[in-house]
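The values are calculated or read from the model by the stated rules, or taken from the named source; none is laboratory data. What you see is a predicted model, and the numbers here were worked out from it, not measured in a lab. Because the Cβ atoms are built from the backbone with ideal geometry, glycine has one as well, and the counts that use them run over all protein chains shown. What goes into the accessible areas is simple: the full protein's heavy atoms, side chains included, and nothing from ligands, DNA or RNA. Shrake-Rupley method; radii C 1.70, N 1.55, O 1.52, S 1.80 Å.
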Amino acid sequence: MPSFRFAGCLLASAALAHDHTPLRGRLVFADHEKPVVRILDLDSGEVTDSFDVPKSNPGFAGVSGGRYVVVKTGDEAGTLRILDTGLIAESHGDHVDLDKAPPKLLDFSVKGDRPAHVLSGHGQLSLFFDGLRPWEGKSEPKAVLVAIDSLGKDKPAVAIWPSPAPQHGIAVPLGNRQWLMSIPNPAYARGDDRSASPRPNGFDILAEGKGWKRVALFDDAAKPDASCKLFHGSAQARGGRHVFGCAEGEGGGLLVLSKAGKGAAASWSGRKLGYPDERRVSALKSREGGRHLVGNYGLKAPYDALLRIDPEAKALKIEDVLAVPGGQAACQFELSGNGSRLANLTPDGKLRIYEIAPAWKELAAFDAVPAFDCAYGAKTPTPSLAVIGGNAFVSDPTNGRIREFHLDTLKQGLDMPVGGMPANLAGNDAG
């Protein structure tokens, strides 16, 4: 089962049985002040490579498989680049071996109006371009769909899905050449009401190809189980389910989509899982095989709680809510590789480690970095959190360091000086 996630750290899975020491991998990071992307070798502790980009501190999105990272350059053309980290993972059943090839920034790039959500899975990568606000002018909202195994070729295999209208949308690969595509909010698409939200209200499941044949539709406002008003936040749960964060209030909650059957003959159904109170989620995190998802939780930014979500539950309870200490913003949070623990980096500079089930329990708290502003668009340097397997990495732009914390032993690991002002971390599991 593939996983869908946005950011993390490049790290090989630990070997269960080995006659040699497994390689740890590479960590990709940006700089708050300089327009460069650099690579830290976790085996030597040295920065080995640097790539120029148009602007400082670009955004990142990891690609399933662990080898590639999407670089959101932030330039005026809306350019997305692909970094080949050179990490090649080979599964041997009880462990994963990792080889290292020279990293490189691929010549392949994609441009468009307002690049936003990046998702991957089932051997496919989707790059979604929201388009301009309707009242700002004409644009071409779209999803660019790329076969991951073709990224190393001179001309990667690319398909384009044109969005019917601008939207803050997503394209989710479902396998068997099927995609879940968000449907634009009509009030926003018309452009006559500037207060209308760009967030979608429903989804199409389409078969890729000429005409994009509809497989299923979840866009009926009269049926809570077939709509997702003001969608934001998605993740894949175990069992092939897909979970989407929808609005609070009547008809709101989390939309859980499930598939019955296999291949092109499979059918999709939805059900709504209500929130435990009047709040909502905005971002969702999951891990392959993990029972629970976790989302940030609140009515509006800053979201000051975390919500544990069991997609198989009949209802969510107030016990599933964890208030962030001191009423702080949830800021950055990531699940451990097996989904049993959560690391949460908050504005006070602390990295707190939680056990998720059977009940929320704080296991440790580290003074990871100096206090910082994690509000969207903050001008001051913002540390970044990445969690892979049983290891968490936190960038400290103020002191030019990257620190490691072990989620299993609850001890600090490496503390690596890298120079500059390391900020965003990038990548994902090699698996």
Exercise. If you project the alpha carbons of the stretch 125-209 onto their three principal axes, what span does each projection cover, largest first, in Å?
Worked result: 44, 25, 17
Seminar exercise, completed: With a ≥ b ≥ c from the Cα gyration tensor eigenvalues, square-rooted, and the rule rounded for a/c under 1.5, otherwise prolate when a/b > b/c and oblate otherwise, the stretch 173-307 is oblate
Exercise. Given the pairs LYS223/LYS300; LYS223/LYS272; LYS104/LYS155; LYS55/LYS111; LYS142/LYS210, which span a C-alpha to C-alpha distance of over 21 angstrom in this model?
Worked result: LYS223/LYS300
Exercise. Taking the stretch 249-312, which trypsin sites (Lys or Arg not before Pro) meet the DSSP loop condition and have no more than 15 other C-beta atoms within 10 Å?
Worked result: LYS262, LYS300
Exercise. When the chain is modelled as a GNM with alpha-carbon springs shorter than 10 Å, which of ALA301, ALA265, ALA323 fluctuates the most?
Worked result: ALA265
Exercise. Could you give the nm distance between label points at ARG177 and ASN338, where each point is 7 Å from its Cα heading toward the beta carbon?
Worked result: 4.0
For this session: Output ³J(HN,Hα) for the stretch 111-124: one whole-Hz value per residue in order, computed from phi by the Karplus curve 6.51 cos²θ - 1.76 cosθ + 1.60 with θ = phi - 60°, and x for Gly and Pro.
Result: 10, x, 7, 6, x, 9, 6, 10, 10, 8, x, 6, x, 10
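Would you calculate a helix-derived [θ] at 222 nm for the chain, using -39,500 (n - 2.57) for each DSSP H run of n ≥ 4 and dividing by the full residue count, to the nearest 500?
Helix-only estimate at 222 nm: 0 deg cm²/dmol.
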For this session: Give, in nm to one decimal, the length gained when the segment between ALA365 and HIS406 is fully stretched (0.36 nm per residue of separation minus the Cα-Cα distance).
Result: 13.6 nm
Seminar exercise, completed: the chain accessible area per residue, 1.4 Å probe, protein heavy atoms, integer Å², reads 42
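Across the chain, where is the longest run that never hits GluC sites (Glu not before Pro) in a DSSP loop with at most 10 other C-beta atoms within 10 Å? Intermediate values should be presented prior to the final figure.
Numbers: sites that count: GLU76, GLU250, GLU278.
That would be 77-249.
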Seminar exercise, completed: So for the stretch 223-274, using the alpha carbon gyration tensor with a ≥ b ≥ c as root eigenvalues (a/c under 1.5 gives rounded; past that, a/b versus b/c decides prolate or oblate), I'd call it prolate
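Could you pull out the trypsin sites (Lys or Arg not before Pro) across the stretch 346-396 that fall in loop regions by DSSP (anything but H, G, I, E, B) with no more than 13 other Cβ atoms inside 10 Å?
Counting only loop positions with at most 13 other Cβ atoms within 10 Å, the trypsin sites (Lys or Arg not before Pro) in the stretch 346-396 are LYS379.
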Seminar exercise, completed: Taking N as the residue count of the stretch 172-247, its alpha carbon Rg divided by 2.2 N^0.38 Å gives 1.17
Problem set entry | Phi-based couplings in Hz for the stretch 162-174 (Karplus 6.51, -1.76, 1.60; Gly and Pro marked x) | x, 5, x, 6, x, 5, 8, x, 9, 10, 10, x, 10
Problem set entry | Size-normalised alpha-carbon gyration radius of the chain, reference 2.2 N^0.38 Å | 0.94
Seminar exercise, completed: Out of VAL324, VAL281, VAL37, a Gaussian network model of the chain with alpha-carbon springs under 10 Å gives the largest mean-square fluctuation to VAL324
For this session: Relative to the compact-globule scaling 2.2 N^0.38 Å, provide the ratio for the alpha-carbon radius of gyration of the stretch 292-333.
Result: 1.16
Exercise. Looking at LEU307, GLY66, GLN332, which one has the Cα that reaches farthest to the positive end of the dipole of the chain (charges on Cβ: Lys, Arg +1; Asp, Glu -1)?
Worked result: LEU307
Exercise. DSSP loop trypsin sites (Lys or Arg not before Pro) in the stretch 118-171 with at most 15 other Cβ atoms within 10 Å of their Cβ, which ones?
Worked result: LYS138, LYS153
Seminar exercise, completed: Carbon and sulfur atoms account, in whole percent of the 1.4 Å probe accessible area of the chain, for 50
Problem set entry | Within a Gaussian network of the chain (alpha carbon springs, distance under 10 Å), most fluctuating of SER258, SER227, SER182 | SER258
